[in-house]
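Here's the structure, in structure tokens; my notes come after.
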Amino acid sequence: MILLHVSGKTKIILLLSLNLLFILDLKGQNLPKEYVEYVKKADSLYNLKNYKASADYYSRAFAANNNKGLYLDRYNGACSWSLSNNKDSAFFNLYRIAETGNYSNYNQITSDQDLISLHADPRWDILIKMVQKNKEKAELNLNRSLVRELDDIFQKDQKYRNSINELIKIGGDNTAQIQILNDSMRINDNINVKEVIAILDQYGWVGDDVVGERGSLTIFLVIQHADIKIQEKYLPLMEKAVKDGKASAANLALLQDRVALTNGKEQIFGTQVIRDPKTGIYTVAPIYDEINVDKRRDSVGLESLASYLKRYGIDYMPSRKK
């Protein structure tokens with residue numbers, strides 16, 4: 001599963017928004033233009049399932065930057081190498097982020113379907129032990145009880161959304177099974193919201209330093225999936241958390257866009273996409289001052305709108321901007 005700035009290289013879906021692995025291999029480094037372009041090409045080729053070519057472009061990106069790059073891209077390159085059955089290159093990239101970057105997302109790496117081809121290799125167990133140690137080290141000063149509570153909430157938040165999206169991919173939106181899952185998801189969401197609100201009211205908007213990346217992400221996801229009154233109530237708290245470095249500016253943009261659209265306004269960052277349940281076709285929801293949207297997206301760490309919408313099958317061209 002290749003990770004994106006927002007949603008992780010997940011297959012981007014309306015029900016799931018992830019923001020993982022956003023760390024530099026060389027902090028403070030200005031990435032060369034060639035590096036950025038090669039990574040975009042690699043992402044595009046991955047989405048086309050041309051994994052070998054995707055992996056080659058990741059390698060080109062690293063070569064263009066003195067063999068350094070984003071941990072995000074190292075992980076994604078490993079996914080492409082694994083899917084193209086080049087285990088040596090896959091392990092090289094994974095070992096690098098585990099050894100030099102203290103990569104610690106144990107749940108992600110052990111469940112990622114893109115890496116299944118590596119599991120039988122003796123190097124896999126060594127890698128996973130490294131990641132587990134990194135995880136233990138990263139969580140040493142965290143509020144462990146909150147981490148466990150939020151991890152459980154995350155699992156419940158994603159459970160039904162993952163199932164619904166799998167069914168949508170194979171059979172449309174109107175099946176009885178999807179309706180049952182939707183009903184169960186709404187019940188779960190109500191429970192999750194109450195639990196997260198209790199945390200926010202007691203501790204404030206806690207960040208990575210208290211609950212880790214996944215815990216911080218979970219708080220955002222639950223509020224993002226709540227009703228409009230809850231979103232509006234806690235939006236100012238998240239805005240302050242972003243200023244204080246305790247929340248993601250990219251995730252805040254998602255919440256701001258969702259609140260704006262629900263209130264009948266145009267979105268600011270173009271993060272919200274509408275899917276027609278009958279045709280399955282995606283369209284981007286109306287955007288305020290669309291000609292400057294990419295400037296706003298860049299300011300919060302989001303990729304260009306055209307690149308983002310391409311993942312939904314939308315051929316968006318700058319010339320179509322208002």
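One line per residue, one yes/no per condition, for (1) modelled with pLDDT of 85 or more; (2) of a type outside the set (Val, Ile, Thr); (3) in a helix (DSSP H, G or I); (4) not assigned by TED's automatic domain parsing to the domain that holds PHE92:
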site: ILE109; (1), (2), (3), (4): yes, no, yes, no
site: SER117; (1), (2), (3), (4): yes, yes, yes, no
site: ALA120; (1), (2), (3), (4): yes, yes, no, no
site: LEU127; (1), (2), (3), (4): yes, yes, yes, no
site: PHE154; (1), (2), (3), (4): yes, yes, yes, yes
site: ARG161; (1), (2), (3), (4): yes, yes, yes, yes
site: GLU166; (1), (2), (3), (4): no, yes, yes, yes
site: ASP173; (1), (2), (3), (4): no, yes, no, yes
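Taking the numbered list (1) closer than 22 Å to VAL242 by Cα; (2) modelled with pLDDT of 95 or more; (3) exposed (fewer than 14 other Cβ atoms within 10 Å of the Cβ) in turn, GLU195 passes all entries but (3). Within region 196-255, the set of residues being assigned to a loop (DSSP other than H, G, I, E, B) and aliphatic (A, V, I, L, M) comprises VAL206, ALA226, ALA247.
Kindly list the number of the only condition in (1) of a type in the set (A, V, I, L, M, F, W, C); (2) surrounded by 14 or more Cβ atoms within 10 Å (Cβ to Cβ); (3) not assigned by TED's automatic domain parsing to the domain that holds ILE187 that fails for MET317. Only one criterion is unmet by MET317, namely (2). Consider region 256-304 and keep the residues that are outside any loop (DSSP other than H, G, I, E, B) and under 16 Å from the mean Cα position of the chain (by Cα). The one that is farthest from ILE178 (Cα to Cα) is ARG297. Annotation: of all residues in region 141-152 being more than 20 Å from the chain's Cα centre (by Cα) and part of a helix (DSSP H, G or I), the one that is modelled with the lowest pLDDT is ARG144. Taking first residues from region 126-141 that are among the acidic types (Asp, Glu) and partners that are part of a helix (DSSP H, G or I), the Cβ contacts under 8 Å between residues at least 6 apart in sequence or on separate chains come to GLU139/VAL147; GLU139/GLY212. Once region 60-87 is narrowed to residues that are of a type in the set (Lys, Arg) and within 19 Å of ILE128 (Cβ to Cβ), the residue that is surrounded by the most Cβ atoms within 10 Å (Cβ to Cβ) is ARG74. The residues of region 280-312 that are modelled with pLDDT of 80 or more and exposed (fewer than 13 other Cβ atoms within 10 Å of the Cβ), listed by number, are ILE281, ASP289, ILE291, ASN292, LYS295, ASP298, SER299. Among residues that are within 20 Å of TYR71 (Cβ to Cβ), surrounded by fewer than 16 Cβ atoms within 10 Å (Cβ to Cβ) and outside the structural domain of ILE219 (by TED's automatic domain parsing), SER104 is not included.
The values are calculated or read from the model by the stated rules, or taken from the named source; none is laboratory data. Quantities reported herein were computed from a predicted structural model and do not represent experimental measurements. Cβ coordinates were reconstructed from backbone atoms using ideal geometry, including for glycine residues, and neighbour counts include every protein chain displayed.
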